[in-house]
1. Just to be sure I understand, how many residues within segment 263-294 are β-branched (Val, Ile, Thr) and modelled with pLDDT of 95 or more?
2. What is the residue count in segment 82-116 for residues that are in a loop (DSSP other than H, G, I, E, B), out of contact with any Leu (no Cβ under 6 Å at 6 or more places or on another chain) and in contact (Cβ under 8 Å) with a residue 40 or more places away in the chain?
3. Check whether at least one residue in segment 306-321 is closer than 24 Å to residue 137 by Cβ and either in a helix (DSSP H, G or I) or modelled with pLDDT of 95 or more (or both), and report yes or no.
4. Which numbered condition in (1) crowded, with 18+ Cβ neighbours inside 10 Å; (2) within 16 Å of residue 237 (Cα to Cα) is the only one that residue 5 fails?
5. Just checking, how many residues over segment 280-305 are of a type outside the set (S, T, N, Q) and either in a loop (DSSP other than H, G, I, E, B) or loosely packed, with under 12 Cβ neighbours inside 10 Å (or both)?
6. Return the residues of segment 126-139 that are hydrophobic (A, V, I, L, M, F, W, C) and in a helix (DSSP H, G or I); say none if nothing qualifies.
7. Residue by residue through segment 64-75, note down the ones that are buried (at least 19 other Cβ atoms within 10 Å of the Cβ) and assigned to a helix (DSSP H, G or I).
8. Let me confirm something: among 218, 208, 252, 228, which residue is on the phi > 0 side of the Ramachandran plot and acidic (Asp, Glu)?
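The values are calculated or read from the model by the stated rules, or taken from the named source; none is laboratory data. It should be emphasised that the depicted structure is a prediction, and the values quoted were computed from it without experimental measurement. Neighbour counts run over all protein chains shown; Cβ positions are idealised from the backbone, glycine included.
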Amino acid sequence: MAFSDQTVLVTGSAGFIGFHLSRKLLDMGYGVVGVDNLNAYYDVGLKKARLDLLNPHENFRFIKGDIQDLPTLQRVFGAHQITRICNLAAQAGVRHSLKDPFSYQKSNIEGFLNLLEMARKFQVENFVYASSSSVYGKNKNNPYSVEDRVDNPISLYAATKKANELMAHAYSHLYDIPCTGLRFFTVYGPWGRPDMALFLFTDAILHDRPINVFNYGDMRRDFTYIDDIVAGTISAIEKPAPYEIFNLGNSDSTTLMDFIQAIESELGRKAEKNMLPMQPGDVAETSANITKSREKLGFAPKTHLKEGIRAFIAWYREYYGV
């Protein structure tokens with residue numbers, strides 16, 4: 001079979017969301033060109049294991065490269081008939097942005113601009129990108145609505161994601177590039193990132209280590225299962241719009257202590273807890289208003305938290321042989 005005539009560039013294709021998105025697009029008959037720099041922010045072996053599942057697909061091409069490297073991107077676009085872009089490559093993590101701010105400036109600002117330039121030069125049909133619930137910062141409204149002002153980021157990571165939304169707006173206006181930003185809310189599931197709470201807690205409990213519980217457990221998160229996130233992202237890819245921002249969340253926030261209890265229940269073990277103060281740059285609660293996402297994307301999250309935790313733990317046990 002020839003390489004698909006509908007080809008999506010997925011940046012961050014070896015990452016958690018990028019891997020799941022690429023796999024689903026391939027199953028749907030799309031061509032996928034994956035770009036990832038395989039950086040060492042977390043276990044590169046996990047990223048390579050994800051790629052091992054994508055590489056056998058005849059409609060998948062992987063290029064090890066960095067979105068900060070404009071000549072590499074120019075070669076990729078010159079060699080492939082890319083019709084749509086989904087940019088999931090970014091330096092992730094709120095806490096890490098306090099330690100290494102320049103990596104966020106390079107990847108999330110310079111890299112993002114490079115991709116916008118590729119979208120302009122090669123006249124792609126749609127540019128979809130990952131924003132974040134972190135942009136809501138000190139927002140007092142709950143649940144968070146895309147109509148709320150987001151002028152008070154409290155981490156550099158959040159500030160770079162807000163900058164992405166502004167840059168996309170400018171390019172959409174100037175060059176008629178359809179641009180859609182997706183504010184993801186605490187994504188979890190199999191093949192998840194090792195720096196995220198579900199992975200950290202599961203790993204620690206199974207290895208008899210204490211878990212760190214910030215803000216003394218007084219936190220809520222809108223945990224959103226990976227399959228639901230992928231469904232919403234594909235809907236955005238398939239529905240170009242002049243300029244849109246959507247929340248992709250479960251719209252049902254959970255307390256941190258209930259989250260931990262659900263993990264303990266699934267593992268059949270109790271966690272030893274280090275109760276700690278709030279971390280700089282973190283927020284006490286996230287909750288998504290998804291009215292607009294339902295109306296325009298048909299976004300309807302289906303996965304209950306306990307079901308999602310069960311799926312993650314089953315994957316973790318199998319992958320690590322625990």
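1. 3
2. So the count comes out to 9.
3. There is no residue in segment 306-321 that is closer than 24 Å to residue 137 by Cβ and either in a helix (DSSP H, G or I) or modelled with pLDDT of 95 or more (or both).
4. Of the numbered conditions (1) crowded, with 18+ Cβ neighbours inside 10 Å; (2) within 16 Å of residue 237 (Cα to Cα), the odd one out for residue 5 is (1).
5. Number satisfying all stated conditions: 13.
6. The one that is hydrophobic (A, V, I, L, M, F, W, C) and in a helix (DSSP H, G or I): 135.
7. Correct list: 73 only.
8. Criteria check complete, one pass: 208.
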